[in-house]
Number of protein chains: 2
Amino acid sequence: MAYMNDEELASFHKDGFWVNHNLFGSEEIGDLVLCLEEFAASEKPGHVRERNSSTYRAFHGCHLYSEAFNILIRRPELLIPAKKILNDDVYIHQLKVNLKQAFSGEIWPWHQDYIYWRDEDKVPTSQIVSVMVFLDDISEFNGPLFFIPGSHKSGCIEPKISTDAPAGWEGNVSASLTYQVDESTVTKLVSEGGLFSAKGKKGTAVWFDGNLVHASPPNISPVQRRIAILTYNAVSNAPLDKNIKRRPDFLNGRNREPLQELELSI
Amino acid sequence: MAYMNDEELASFHKDGFWVNHNLFGSEEIGDLVLCLEEFAASEKPGHVRERNSSTYRAFHGCHLYSEAFNILIRRPELLIPAKKILNDDVYIHQLKVNLKQAFSGEIWPWHQDYIYWRDEDKVPTSQIVSVMVFLDDISEFNGPLFFIPGSHKSGCIEPKISTDAPAGWEGNVSASLTYQVDESTVTKLVSEGGLFSAKGKKGTAVWFDGNLVHASPPNISPVQRRIAILTYNAVSNAPLDKNIKRRPDFLNGRNREPLQELELSI
């Protein structure tokens, strides 16, 4: 079964993202959401809180300890397009759930993702792709991601280094992000490509390029906005840094065996 | 000429707001925008900066020193609906330009407006109405106002008092607003009335009730989002507090003479 046809793939490469509405049903999303309640009840190294409150901001590496998320990464709906986009076998370099909780979920400043994987993890090329799966309905009100269409074509942009990011890997996932895209570059890219917001019903999946410039506003609404983000890397693009100090496994996945699709009994 | 018919008035009373798209043309808006550049070049008591930067957040009382804004308050397109809504002669209780500048414009937390006029200015009843005029195109990306339709019917809600608002009137116009609506009330009101965002082309005017619960996210986009907000009060509803300490004229207008429509030469 084709989960991304050639036209859809071309659209992804042109814009730097592609939206597949309602890819998963309520039951599948429900299984994942149930897990989140368990995660919230325990402290784990990959759990991150918001800058200005004790609210959880994100859970990292959920597939490393949760069966439901370990199944998710092997779902053909996600794995087949990842292989098609990267034209290779793939593994999970990073997986997280960004919670953007009602009233308290903070911003993500303008940034690209690949620079973190390049500079922190030594991923050699941008042959790496993310897909977010909506765990809630996402509207203009609860902090959707804003994309700048076509901005991935700029490649990896020289970053503005945050002056108030927390030290270490925590800065890489904070509202004061370590590597940001400066305002004049954002202005130029938006004048060329405009803005797009990633909205849709829960179960929607959105693919986006590692060099796509994006940001998201805080969630001031009473409706939570949870997304799972799976980052697939080409097996041939795995970091070569086996002997250097690396970010934790939940940010820089150690298991680089090619993933095989689950056989779904439908 | 009727600038608000009975059906439109009924819609305003039902929802607590009413949008009149493209009421003013580019030339009229251009005159106002030109003034803003002058305002920015001078320090005035009613000029307010953002909490975390030196960026201007708002200019208050512009009609007190600017001919273009003094004309605006008398425009029949604005004055006639104000009289119709309030069923009385009116004067300007407050006028401001909220700038919500590109990248730096901060949030307005959930709040109602009338409580400021009641508790700070002793305006006896909520027979007072605001109209905002868009000085820029407003989209989902540059910090539109979020309204909770029907929330004005709750009347003046017991506020949550901000613990980090600046002292004095500055707190009333800060991103750490003095009087806010608490999260559980917002949640309940949104579950009943949903959310509406005030978007449109520059020149659009949006009327809203003094008790309508509203908020707006920060502007993380490269596109500024400037609005003029005119608050008309019924002459019969003027504060009775002539002898007490009052907020400055640019927040609590002293000139309570009934306004007369300009005769437009069209």
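For this structure, a couple of remarks:
- Contact order normalised by residue count of chain A, Cα under 8 Å, 6+ apart, percent: 34 percent
- The other copies place their B:Gly194 label points at 2.4 nm from this one, listed shortest first, where each point is 7 Å from Cα along Cα→Cβ.
- Binning the C-alpha pair distances of the stretch A:6-147 at 5 Å intervals from 0 yields a P(r) profile of 2, 7, 16, 20, 22, 19, 10, 3, 0 %, listed from the shortest bin outward.
- The stretch A:83-229: translational diffusion in µm²/s, Stokes-Einstein, Kirkwood Rh over Cα pairs, 25 °C, 0.890 mPa s: 155 µm²/s
- Projecting the Cα positions of A:Leu177, B:Leu189, B:Val223 onto the charge dipole of the protein assembly as shown (unit charges on Cβ atoms of Lys, Arg, Asp and Glu, taken about the Cα centre) puts A:Leu177 furthest along the positive direction.
- The share of alpha-carbon pairs in the protein assembly as shown lying farther apart than 40 Å comes to 30%.
- Other residues within the sphere of radius under 15 Å centred on the Cβ of A:Val181, judged by their own Cβ, net out at -3 (K and R +1, D and E -1).
- When the protein assembly as shown is described by a simple charge dipole with +1 on each Lys and Arg Cβ and -1 on each Asp and Glu Cβ, the residue from B:Pro144, B:Trp207, B:Gly168 located farthest towards its positive end is B:Gly168.
- The Kirkwood hydrodynamic radius of the stretch A:158-266, based on inverse pair distances between different Cα atoms, is 17.7 Å.
- A loss of 30 Å² or more of accessible area (1.4 Å probe, protein heavy atoms, ligands and nucleic acids excluded) relative to the isolated chain is seen in these residues of the stretch A:126-164: A:Glu140, A:Phe141, A:Phe146.
- Between the C-alpha center of the stretch B:204-266 and that of the stretch B:100-124 there is a gap of 11 Å.
- Taking the Cα centre of the stretch A:11-132 as origin and assigning +1 to Lys and Arg Cβ atoms and -1 to Asp and Glu Cβ atoms, the resulting dipole is close to 300 debye.
- Relative contact order (percent, whole number), the stretch B:92-201, Cα cutoff 8 Å, 6+ residue spacing: 37 percent
- Over all other residues within a Cβ to Cβ distance under 13 Å of B:Leu262, the charged ones net out to -3, with Lys and Arg as +1 and Asp and Glu as -1.
- Its Cα gyration tensor gives the stretch B:108-162 an equivalent ellipsoid, and the semi-axes of that ellipsoid, as √(5λ) in whole Å with the largest first, are 24, 14, 12.
- Cα gyration tensor shape for chain B, rounded if a/c is under 1.5, else prolate or oblate: rounded
- Cβ charges +1 (Lys, Arg) and -1 (Asp, Glu), total dipole of chain A, debye: 460 debye
- Net dipole in debye of the protein assembly as shown [+1 Lys, Arg Cβ; -1 Asp, Glu Cβ; about Cα centre; nearest 20]: 840 debye
- Entry note, chain A: the mean residue ellipticity at 222 nm calculated from DSSP H runs of n ≥ 4, each adding -39500 (n - 2.57), is -6500 deg cm²/dmol after division by the residues and rounding to the nearest 500.
- With all projection directions averaged, the alpha carbon convex hull of the stretch A:190-235 covers 4.8 nm².
- Shortest-first distances to equivalent copies, position B:Pro248, nm, label 7 Å out along Cβ: 4.9
- Kirkwood hydrodynamic radius of the stretch B:30-88, Cα pairs, Å: 13.1 Å
- Positive contributions from Lys and Arg (+1) and negative ones from Asp and Glu (-1), summed over other residues with Cβ under 15 Å from the Cβ of A:Ile115, come out at -3.
- Projecting the Cα atoms of B:Leu34, B:Trp18, B:His47 onto the dipole axis of chain B, where Lys and Arg carry +1 and Asp and Glu carry -1 at the beta carbon, places B:His47 farthest toward the positive end.
- Shape call, the stretch A:1-54: gyration tensor on alpha carbons, a/c limit 1.5: oblate
- Label-point separation in nm, B:Thr55 to B:Ile71, each point 7 Å along Cα→Cβ: 3.0 nm
- Minimum 30 Å² accessible area buried by the other protein chains, the stretch B:213-232 residues, probe 1.4 Å, relative to alone: B:Pro218, B:Ile220, B:Pro222
- Per-copy distances of the B:Asp137 label point, shortest first, in nm (7 angstrom along Cα→Cβ): 2.8
The values are calculated or read from the model by the stated rules, or taken from the named source; none is laboratory data. All values derive from a computational prediction rather than experimental measurement. Glycine also receives a Cβ, built like all others from the backbone with ideal geometry; neighbour counts cover every protein chain displayed. Surface areas here come from the heavy atoms of the whole protein model, side chains and all, with no ligands, DNA or RNA. Shrake-Rupley method; radii C 1.70, N 1.55, O 1.52, S 1.80 Å.
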